[in-house]
1. Which residues, taken from the stretch 134-149, are under 27 Å from the mean Cα position of the chain (by Cα) and of a type in the set (Val, Ile, Thr)?
2. Which one of these is closer than 19 Å to residue 92 by Cβ, surrounded by fewer than 18 Cβ atoms within 10 Å (Cβ to Cβ) and not acidic (Asp, Glu): 234, 219, 298, 258?
3. Residue 262 - would you say it is in a helix (DSSP H, G or I) and out of contact with any His (no Cβ under 9 Å at 6 or more places or on another chain)?
4. Kindly indicate whether any position in the stretch 117-132 is modelled with pLDDT of 85 or more, assigned to a helix (DSSP H, G or I) and touching an Asp or Glu at 6+ places or on another chain (Cβ under 7 Å).
5. Of the conditions (1) in contact (Cβ under 8 Å) with a residue 24 or more places away in the chain; (2) in a helix (DSSP H, G or I); (3) surrounded by fewer than 19 Cβ atoms within 10 Å (Cβ to Cβ), residue 202 fails just one. Which one is it?
6. Output the residues belonging to the stretch 89-104 that are of a type in the set (A, V, I, L, M) and surrounded by fewer than 20 Cβ atoms within 10 Å (Cβ to Cβ).
7. Filter the stretch 265-294 down to the residues that are in contact (Cβ under 8 Å) with a residue 40 or more places away in the chain, in a helix (DSSP H, G or I), among the small types (Gly, Ala, Ser) and surrounded by fewer than 20 Cβ atoms within 10 Å (Cβ to Cβ) and list them by number.
8. Take the conditions surrounded by 13 or more Cβ atoms within 10 Å (Cβ to Cβ) and either in contact with a helix residue (DSSP H, G or I) (Cβ under 6 Å, 6 or more places away or on another chain) or modelled with pLDDT of 90 or more (or both) and apply them to residue 36. Does it pass?
Amino acid sequence: MADAPQSASLSPPRRSAPRPTGDRVFSAIAVGAGVAILTVLAGVAIFLIVEAWPAITAPAEDLPGDQSLVSSIAALAFGTCLAAALAIVIAVPVAIGVSLFISHYAPRWMAQPLGLVVDLLAAVPSIVYGLWGIAVLGPASVPLQQWLAEHLGWIPLFSGPATATGRTMFVVGIVLAVMILPIVSAIAREVFSQTPRAQIEAALALGATRWEMIRMAVLPFGRSAVIGASMLGLGRALGETMAVAIILSVSGDVTFNLISSANPSTIAANIALDFPESSGVAVNALIASGLVLFAITLAVNIVARAIIARTEGARA
């Protein structure tokens, strides 16, 4: 009887069952897709660095405008960040309100068609948004911009003088907000609708109103999704080209004034407008600005992932 444990310990270990063929194929495809994405990303970064290097090392007198590469790209990066930030400030509250209305307020017969209409905004080409902005929204916003200059001119954003054409950063921000609205709204709406029913019913059972239930149960549950959706929308706004190029009246100035004719350009719009007529080191300078836009977008996504991970960790 004493030899029984020893013989049991000497028995050969059991071999794990082989993984099904489907699991192995799917795992290989998933790994290959991840490696392919990283390879493409690294290839784009290497291409941008190699093509931008002649402009980085060129003297200022050889570059367009006879100014250093850093100063010219800094002005474009400022305009890019200003337009994207304005779009996010406008779009995110509206998208959250639309998502909450569709998921928790609207009757079922209205919620689904309204959700489809909002999602259809993402299918409109950017050039159509640009034409709408310059032909409709711009002229219609002139009275509002003049009112802002008269009554809120003490704020640097509306210091004026207001332009008579409407081709301002203010209009660009509104158009970009409309363009990223369906992205933020679709993600937020799906997450808000997946709030655990037990949390909703518990809040209502304790006497909370519908808004208090949303504030205590729905919004905390969807916080990370709203942040992620906002960062996706920010990435779209940072890289938007045609709508900005059509609407904006560019002067090259670095200013926070949103309603005057002095507007900074964005990196993407500047590349689209200047690339056909550029040659030599001017092309390398445009590619260098594209490298900066690539870095800004990559940094935004990294920060977004860090915020989402920290939010989910705090909730857990």
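The values are calculated or read from the model by the stated rules, or taken from the named source; none is laboratory data. Worth saying up front: this structure is predicted, and the values here are computed from it rather than measured. Neighbour counts run over all protein chains shown; Cβ positions are idealised from the backbone, glycine included.
1. Scanning the stretch 134-149 gives 134, 136.
2. Exactly one residue qualifies, and that residue is 219.
3. no
4. Yes, the stretch 117-132 contains at least one residue that is modelled with pLDDT of 85 or more, assigned to a helix (DSSP H, G or I) and touching an Asp or Glu at 6+ places or on another chain (Cβ under 7 Å).
5. Evaluating residue 202 over (1) in contact (Cβ under 8 Å) with a residue 24 or more places away in the chain; (2) in a helix (DSSP H, G or I); (3) surrounded by fewer than 19 Cβ atoms within 10 Å (Cβ to Cβ) leaves (1) as the failure.
6. 89, 90, 94
7. 282
8. no
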